[in-house]
Amino acid sequence: EPLPKAWAAGAPSTGKPAVTADSVINLDHGDPTMFEEFWRGTGSAAEIVIPGWQTMSYFSDVGNVCWFLEPGFDHEVRRLHRLVGNAAVDDGYHVLVGTGSTQLFMAALYALSPPAATAGGSAEPMSVVSTAPYYSSYPAVTDFLQSGLFRWAGDANSFKGNTYIELVCSPNNPDGTIREAVLSSKSGIAVHDLAYYWPQYTPITKRADHDIMLFTVSKSTGHAGTRIGWALVKDRDVAKKMTKFIELNTIGVSKDSQLRAAKVLKAVSDAYELPEAREEHRLFDYGRRKMIERWSMLREAAAASGIFSLPEETSGYCNFANETAATNPAFAWLRCDREDVEDCASFLRGHKILTRSGSQFGADPKYVRVSMLDRDDAYDIFVKRLASLK
Ligand code: PMP
């Protein structure tokens with residue numbers, strides 16, 4: 001008799017397979033499994049139970065611009081931003097929920113492009129730009145369906161024109177830099193992707209108050225599989241159009257996932273705000289400790305190898321931690337300095353380390369992006385292997 005599969009007893013899948021010393025280590029995606037260890041330690045704080053009869057309706061809050069937004073999720077999003085101080089949520093900001101922030105990114109492109117630019121219409125598609133190196137999904141997602149509404153127009157620094165959507169990712173994926181919009185024109189609009197603007201990755205130096213800001217549980221708490229992101233949107237009409245996109249795309253967003261995300265965010269805030277909370281349940285303290293440790297391991301490994309360079313460490317005063325803190329990006333933007341290596345990703349692939357080539361970010365293939373958020377076992381093997389490369 002074969003052993004029964006774990007899923008037959010209701011156990012979920014576990015994601016990427018476990019690794020051993022000679023495994024291929026896949027650090028191509030930013031899969032945030034590092035955080036599993038933290039959440040294993042939080043007991044029932046982030047647990048939910050959903051009876052069979054609940055979350056059945058399509059609707060959540062018919063009076064809200066975003067009619068499929070769970071009020072409890074809205075509440076916990078605002079509460080967490082007030083606690084961390086990384087983004088403004090008062091003064092009329094709308095909270096919109098999406099299936100990951102990826103769906104909200106698409107919703108923003110739809111909402112910000114002029115409706116006249118349809119197939120057969122006279123207007124040109126809206127140009128979508130971002131400063132290189134830019135997140136590789138931006139061009140891929142923008143041009144996937146070859147929309148008549150918008151099209152990828154490359155590096156913001158070399159863009160000529162007045163009408164555009166500029167994607168501003170800060171801290172930036174892939175290189176961790178702090179960014180501001182580089183284009184300024186009355187008819188240009190910026191979308192701020194603040195997926196990594198959390199204290200485990202960077203000092204919180206100001207309360208961001210841009211027109212459209214995107215966030216995700218994938219990077220804030222590590223719950224990428226829950227597929228929940230949110231947008232903070234100032235303008236009601238833009239919020240309505242973005243909501244319309246999600247209505248036509250997926251008729252709303254999983255309520256079960258929203259309830260889970262709300263409980264996870266609540267657990268994060270509770271650990272800082274409730275008097276009885278335990279210190280080891282503070283997510284951002286844990287995340288910062290972990291990232292500092294990993295970055296120091298990586299810098300040591302690069303130094304031991306001698307053929308790699310990494311971005312300089314920067315720091316600033318963190319208003320959340322009330323102390324000076326260094327940036328510890330979720331990705332390492334690694335350069336191979338060996339003269340004979342043109343393509344760092346294939347060089348590393350030859351040593352069973354999978355990364356994403358700089359060429360996918362509009363940059364030199366001497367660079368690769370390496371995820372810093374994998375599980376300890378994979379990360380440890382990665383740094384050991386890297387240190388041994390000459
Ligand atoms: N923006 C950035 C900059 C990201 O790195 C990612 C995830 N890699 C996303 C958005 C998408 O996140 P989500 O899982 O919420 O779709």
Legend entry - Residue within the stretch 3-25 that is surrounded by 10 or more Cβ atoms within 10 Å (Cβ to Cβ), at pLDDT 85 or above and closer than 22 Å to residue 262 by Cβ present: no
Legend entry - Residue match in the stretch 113-123 (condition: at pLDDT 95 or above and among the hydrophobic types (A, V, I, L, M, F, W, C)): no
Inset, instruction - Take the stretch 308-349 and flag every residue that is part of a strand (DSSP E or B) and within 16 Å of the ligand (Cβ to nearest atom). - result: 331, 332, 333
Legend entry - Pairs where the first residue, in the stretch 137-157, is in contact (Cβ under 8 Å) with a residue 40 or more places away in the chain and more than 13 Å from residue 109 (Cα to Cα) and the second is hydroxyl-bearing (Ser, Thr, Tyr) and outside any helix (DSSP H, G or I), C-beta under 6 Å, 6+ apart: none
Inset, instruction - Scan the strands (runs of 3 or more DSSP E) fully inside the stretch 144-233 and keep the ones with 1 or more residues being within 10 Å of the ligand (Cβ to nearest atom) and buried (at least 22 other Cβ atoms within 10 Å of the Cβ). - result: 164-169, 188-193, 212-216, 228-233
Inset, instruction - Tell me which residues, restricted to the stretch 170-214, are of a type in the set (Ser, Thr, Tyr) and at pLDDT below 95. - result: 184, 185, 187
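Among the residues of the stretch 287-312, how many are within 23 Å of residue 218 (Cβ to Cβ) and without any contact (Cβ under 8 Å) to a residue 12 or more places away in the chain? It would help to see each step written out before you state the result.
Narrowing the stretch 287-312 to residues within 23 Å of residue 218 (Cβ to Cβ): 287-295, 298, 311.
Subsequent filtering for residues that are without any contact (Cβ under 8 Å) to a residue 12 or more places away in the chain retains 289, 293.
Of the residues in that region, 2 qualify.
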Legend entry - Conditions (1) within 26 Å of residue 280 (Cβ to Cβ); (2) touching a helix residue (DSSP H, G or I) at 6+ places or on another chain (Cβ under 7 Å): number failed by residue 65: (1)
Inset, instruction - Tell me, yes or no, whether the stretch 107-120 has at least one residue that is within 16 Å of the ligand (Cβ to nearest atom) and in contact with a strand residue (DSSP E or B) (Cβ under 6 Å, 6 or more places away or on another chain). - result: yes
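Going through the stretch 1-54 one residue at a time, which ones are aliphatic (A, V, I, L, M), farther than 30 Å from residue 270 by Cα and assigned to a loop (DSSP other than H, G, I, E, B)?
Passing the criteria: 3, 18, 19, 21, 24, 27.
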Legend entry - Test result for residue 241, surrounded by fewer than 21 Cβ atoms within 10 Å (Cβ to Cβ) and either more than 24 Å from residue 112 (Cβ to Cβ) or away from the ligand (no atom under 15 Å from the Cβ) (or both): yes
Legend entry - Residue match in the stretch 334-345 (condition: in contact with a strand residue (DSSP E or B) (Cβ under 8 Å, 6 or more places away or on another chain), under 21 Å from residue 170 (Cα atoms) and either surrounded by 15 or more Cβ atoms within 10 Å (Cβ to Cβ) or among the aromatic types (Phe, Trp, Tyr) (or both)): yes
Inset, instruction - Would you confirm whether any residue within the stretch 84-106 is over 18 Å from the mean Cα position of the chain (by Cα), within 16 Å of the ligand (Cβ to nearest atom) and not in a loop (DSSP other than H, G, I, E, B)? - result: no
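The values are calculated or read from the model by the stated rules, or taken from the named source; none is laboratory data. The structure presented is a predicted model; accordingly, all values stated were derived computationally and were not measured. All Cβ positions, glycine included, derive from the backbone under ideal geometry; neighbour counts span all protein chains shown.
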